[in-house]
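This report refers to the structure that appears directly beneath it.
The values are calculated or read from the model by the stated rules, or taken from the named source; none is laboratory data. All values derive from a computational prediction rather than experimental measurement. Backbone-built Cβ (ideal geometry, glycine too); neighbour counts: all protein chains shown. Side chains are part of the model used for accessible areas, which takes the heavy atoms of the whole protein and leaves out ligands, DNA and RNA. Shrake-Rupley method; radii C 1.70, N 1.55, O 1.52, S 1.80 Å.
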Amino acid sequence: MPSIQAPANADAHPPLSWEPSPHTERAISQRLPEEVVTCLESARFLHLATCTNNRPHVSLMNYTYLPPNSRPTSATTSAPQLPAGPAIIMTSNPSSKKTQNLIENPNVSLLVHDWVSSRPANLSTSSGGREASPTGARASSLANMLMQMNSAAVSSISATMNGEARVLEPGTEEERWARGMHLANNTFESSEGRQQRSLSSFGIAPSDGSAGDGGRGSYIEDEDVRVVVVRITGGRISDWKGGVKDWVIAEQEGDGMVVVNGGS
């Protein structure tokens with residue numbers, strides 16, 4: 001399907017307050033924008049926003065990105081189904097607030113970005129009596145490195161994705177397949193080895209502490225967690241210059257679903 005280009009004012013870096021009118025054309029495709037895919041493939045976590053009764057809730061999540069048509073398929077039409085378009089796999093404790101929200105309201109918003117986070121100390125102000133944030137000890141070499149990376153515009157965008165979530169039934173074929181994909185995607189080398197390789201390349205000696213497993217043991221491997229699949233329907237890209245671009249995922253034949261039952 002040909003893409004419909006975003007309006008010229010969206011590419012010309014409009015102010016952050018810019019909002020499209022109901023008549024504004026958005027980029028339409030069956031795939032995510034390339035910069036969003038790059039961000040999803042490089043980030044470690046994303047933010048999941050759920051809502052019920054006008055009470056929003058935001059959670060930091062491990063995730064797995066599934067490109068379009070990346071699921072195994074079969075001719076058996078009675079098998080369970082997963083979205084054919086781009087999707088996100090996550091897991092959640094069944095008794096958590098976000099799981100209850102997802103069951104009551106499947107409409108969600110996801111945020112992923114490629115900014116590296118290192119907050120500098122605030123400057124003291126001479127007016128208003130506002131005090132500066134405490135600086136504490138001298139910033140670490142790693143913190144300085146992260147700030148330099150941001151200054152060099154290595155980081156550039158944040159991507160908001162809207163979608164429809166489905167909490168999969170435990171023990172079904174689709175649930176086992178999605179859980180396996182999510183577990184494999186969140187199995188990393190030891191934090192000690194990763195830190196050693198990353199920091200040594202910048203001439204920085206790693207500390208003796210461990211970064212942990214990002215909650216993998218509690219939030220992914222636990223047999224009681226529920227598997228959640230989000231079908232992405234559209235979103236917005238915001239860059240560091242204030243540019244905003246909207247995009248929509250076109251619906252695919254068969255209501256955007258494919259069968260999961262055995263081999264590919």
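Evaluating 6.51 cos²θ - 1.76 cosθ + 1.60 at θ = phi - 60° for every residue in the range 83-90, the Karplus couplings come out as x, 7, x, x, 8, 10, 9, 9 Hz, glycine and proline recorded as x.
Per-residue accessible area (protein heavy atoms, 1.4 Å probe) orders Leu60, Leu82 as Leu60, Leu82, starting from the largest. Computed with every protein chain present, the accessible area of Leu102 is close to 10 Å² [probe 1.4 Å]. Using the Cβ-Cβ distance between Ile103 and Asn185 with R0 set to 25 Å, the FRET efficiency from 1/(1 + (r/R0)^6) comes to roughly 0.55. Distance between the 7 Å Cα→Cβ label points at Arg31 and Thr52: 3.8 nm. The listed residues Glu41, Glu175, Glu169 rank as Glu41, Glu169, Glu175 when sorted by accessible area, largest first, using a 1.4 Å probe. Estimated at the nearest 10 Å², the accessible area of Ser70 is 50 Å² with a 1.4 Å probe. For the set Trp115, Trp177, the ranking by accessible area, highest first and with no ligand, DNA or RNA atoms included, is Trp115, Trp177 under a 1.4 Å probe. Each label was represented as a point 7 Å from its Cα along the Cα-to-Cβ direction; for Val248 and Asn93 these points are 3.9 nm apart.
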